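The values are calculated or read from the model by the stated rules, or taken from the named source; none is laboratory data. Note that the structure is a prediction, hence the values are computed from the model and not measured. Methodologically, a virtual Cβ is constructed for each residue, glycine included, from the backbone with ideal geometry; neighbour enumeration extends over all protein chains shown.
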């Protein structure tokens, strides 16, 4: 089921992105030879008008083959050169290249806005002013590797509903935690060092089925205080009227875009310094596993996750790297500055090399995904 959901999400994101290129190219009278989902080899396809629509073997992306985007003699001087991408004005080319990224941002905004209308998971600290959150729970946000919490089986997304001490030497007043929030739970753990704590939690959509784990805190290597190895947040459901939903959806889209861009920038800088870590990157195989976990939490979480992937796809495509939209935009800027077109052979070679590097990186990330699963 996870694989099916992931493919559906990827299909929607890729089709929306490539449709942006397709629509703007057609609007400017440019010939579009192929609209493909996945990368070759081709499985099957059909032709409608002058465009061939294809489904390819590797469902990790998609493409639109625009006549003249990779300049050659036919697109430069052939009989159909007036309908060639390379012979259109620079501003039209820029709009076509940016259109895919724009559609991914637009999709994220629409998805998050719909989420706010139907009810979207929101941190208490990020609650919309004037709107009270429903069904507030203390959720596990992350679990530290090799921590007592991980050993006990707690996972991100678990809702903590009860906390108590198992020792019979403690009176009833100090045995149970009455008000459960991040601060009170931390204080409870600190005040009961080396004692077995029973945590009741729910997982996934069914909040009625309470499970219990027993955890003995250990000293933190940072400050020596007792800890079980989780970060927490109080999360509820925000449900807003239509106009407010679109407004808050835009704010959240911008916030996620900023955070994602900063995260990617940090990753690139650390990689240049030789401090990069591939474990921080998730490929298609790892995404399938994440989608399965997110689906267990409910449809609203899946919507938020799809919006986040769409934003990631947009930002990555804006990177000034050959074969990506950002790389092609960089070439346009260079041509504008120098006042003449780049050598087609140089541009095509750079894009081919960039594409090969991206594929190799995808293979490497996928390998690490499989190793982590094994």
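Among the candidates 257, 282, single out the residue that is modelled with pLDDT of 90 or more and out of contact with any strand residue (DSSP E or B) (no Cβ under 8 Å at 6 or more places or on another chain).
257
Quick check on the stretch 68-80. Is at least one of its residues touching a helix residue (DSSP H, G or I) at 6+ places or on another chain (Cβ under 7 Å), more than 26 Å from residue 17 (Cβ to Cβ) and either assigned by TED's automatic domain parsing to the domain that holds residue 183 or modelled with pLDDT under 85 (or both)?
yes
What do you reckon, is residue 334 at pLDDT 80 or above, within 29 Å of residue 5 (Cβ to Cβ) and either surrounded by fewer than 18 Cβ atoms within 10 Å (Cβ to Cβ) or within 23 Å of the chain's Cα centre (by Cα) (or both)?
So residue 334 does not fit the description; no.
Return the residues of the stretch 116-148 that are under 19 Å from residue 202 (Cβ atoms) and either out of contact with any helix residue (DSSP H, G or I) (no Cβ under 8 Å at 6 or more places or on another chain) or in a loop (DSSP other than H, G, I, E, B) (or both); say none if nothing qualifies.
119, 122, 123, 124, 133, 134, 135, 137, 139, 141, 142
Answer yes or no: is there a residue in the stretch 74-87 that is assigned to a loop (DSSP other than H, G, I, E, B), surrounded by fewer than 20 Cβ atoms within 10 Å (Cβ to Cβ) and in contact (Cβ under 8 Å) with a residue 40 or more places away in the chain.
Yes; the residues of the stretch 74-87 include at least one that is assigned to a loop (DSSP other than H, G, I, E, B), surrounded by fewer than 20 Cβ atoms within 10 Å (Cβ to Cβ) and in contact (Cβ under 8 Å) with a residue 40 or more places away in the chain.
Among the numbered conditions (1) touching a strand residue (DSSP E or B) at 6+ places or on another chain (Cβ under 9 Å); (2) crowded, with 20+ Cβ neighbours inside 10 Å; (3) not in a loop (DSSP other than H, G, I, E, B), tell me where residue 103 comes up short.
Failing condition for residue 103: (1).
Residue by residue through the stretch 17-51, note down the ones that are outside any strand (DSSP E or B), crowded, with 19+ Cβ neighbours inside 10 Å and within 29 Å of the chain's Cα centre (by Cα).
17, 18, 20, 21, 22, 24, 25 - these are the residues of the stretch 17-51 that are outside any strand (DSSP E or B), crowded, with 19+ Cβ neighbours inside 10 Å and within 29 Å of the chain's Cα centre (by Cα).
Select from the stretch 213-244 the residues that are surrounded by 12 or more Cβ atoms within 10 Å (Cβ to Cβ) and out of contact with any helix residue (DSSP H, G or I) (no Cβ under 9 Å at 6 or more places or on another chain) and write down the one among them that is modelled with the highest pLDDT.
219
With the checklist (1) touching a strand residue (DSSP E or B) at 6+ places or on another chain (Cβ under 6 Å); (2) under 23 Å from residue 344 (Cα atoms); (3) surrounded by fewer than 16 Cβ atoms within 10 Å (Cβ to Cβ) in hand, flag the one item residue 57 doesn't pass.
(2)
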